[in-house]
Amino acid sequence: MWVTKFRDLTKFQKVLVFLIPISLIFIIFTTYLFTTIYSAKVEVLIAPKSAELYIDGKKYSNNGVFSVSPGEKEVIIKANGFQEYKQKKNFTKETTNYIYTWLDPTEENKNYYKEHADEQDLVETIAQQGTVLEGEKYNNDPIFKITPVRNFKLGFSASASRDEKDFNKITLTIDLMTCRDNQVENLKKVAESYFKQKGINFSKYQVKYTHCDSNQESDPDFKHDSED
């Protein structure tokens, strides 16, 4: 029966019969491609429940999972009676980006969590899950697999640390073993070359250089790699 009906359609209608499903498949595929490849996954849990979350000015749910475009963005969380949270965060597509936090009450609202058991439970859940996530993910970044390192042959030592307020922000501190300013730039290039050979993408980290450190005593926690 459907074959007969198809024959009765005009040429334009027949084209639409094929074009509409193809267009829908294309839209679904494009959306899936963007969501999985070209977006950053964000998981959020915030207290109090009335808090509003804004990322680069756009409002998002304060509880759940969603996607944003990768890159550095301004995160603002606010609620009446609480101190505003405002930070720059770098959202990456390689891993899940977590926003697990609670707002501190203002002075006139300081007993809010004590007086609201459900909100206090939410704060405790956020703290517990945050601790678990930090333990699971802290050393997952490749920079922690090759640092700390002290390389006397190449003339530098280095260590990495995560920001206490922004888990996704990692600072790579490179101490150049020189007190001569004319050697600093050369040692910087040597250090950068070393990490690039190890597969480290410098753009992912906040790189901090120091030099002229008189305390060069050996540290048993450092990974000696003087043969590289």
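Coordinate-derived values only; no laboratory data. Note that the coordinates shown come from a computational prediction; the quantities given were computed from them, not determined experimentally. FYI the Cβ positions are ideal-geometry reconstructions off the backbone, even for glycines, and counts take in every protein chain you see.
Quick check: Cα centre of the stretch 143-174 to Cα centre of the stretch 45-60, how many Å?
32
Nearest 0.05, what FRET efficiency do GLN183 and ILE76 give at R0 = 35 Å with Cβ-Cβ as r? Intermediate results must be reported in sequence, preceding the final value.
Details: r = 44 Å, r/R0 = 1.26.
That pair, GLN183 with ILE76, gives E of 0.20.
Is the stretch 86-167 best put as rounded, prolate or oblate by its Cα gyration tensor, with a ≥ b ≥ c the root eigenvalues, rounded for a/c under 1.5, and otherwise prolate when a/b is larger than b/c, oblate when not? Can you show the working numbers first?
Numbers: a/c = 3.00, a/b = 2.54, b/c = 1.18.
Prolate.
If you filter the stretch 68-175 for GluC sites (Glu not before Pro), then keep DSSP loop positions with at most 12 other Cβ within 10 Å, what is left? Kindly include the intermediate steps, with their values, before the conclusion.
Numbers: sites: GLU72, GLU74, GLU84, GLU94, GLU107, GLU108, GLU115, GLU119, GLU124, GLU134, GLU136, GLU164; in loops: GLU84, GLU94, GLU164.
Those satisfying the criteria are GLU84, GLU94, GLU164.
What is the Cα coordinate range of the stretch 126-210 on the first, second and third principal axes, sorted by size from largest, in whole angstrom?
49, 22, 21
Could you give the nm distance between label points at LYS110 and SER67, where each point is 7 Å from its Cα heading toward the beta carbon?
Rounded to a tenth, the inter-label distance reads 4.6 nm.
With θ set to phi - 60°, apply the Karplus curve 6.51 cos²θ - 1.76 cosθ + 1.60 along the stretch 41-56 and write out the HN-Hα couplings as whole Hz, x wherever there is a Gly or Pro.
7, 10, 10, 10, 8, 9, 10, x, 5, 7, 5, 10, 10, 10, 10, 6
If r is the Cβ-Cβ distance from LYS88 to LEU133 and R0 is 22 Å, what FRET efficiency results, to the nearest 0.05?
On the way: r = 20 Å, r/R0 = 0.92.
The formula returns an efficiency of 0.65 here.
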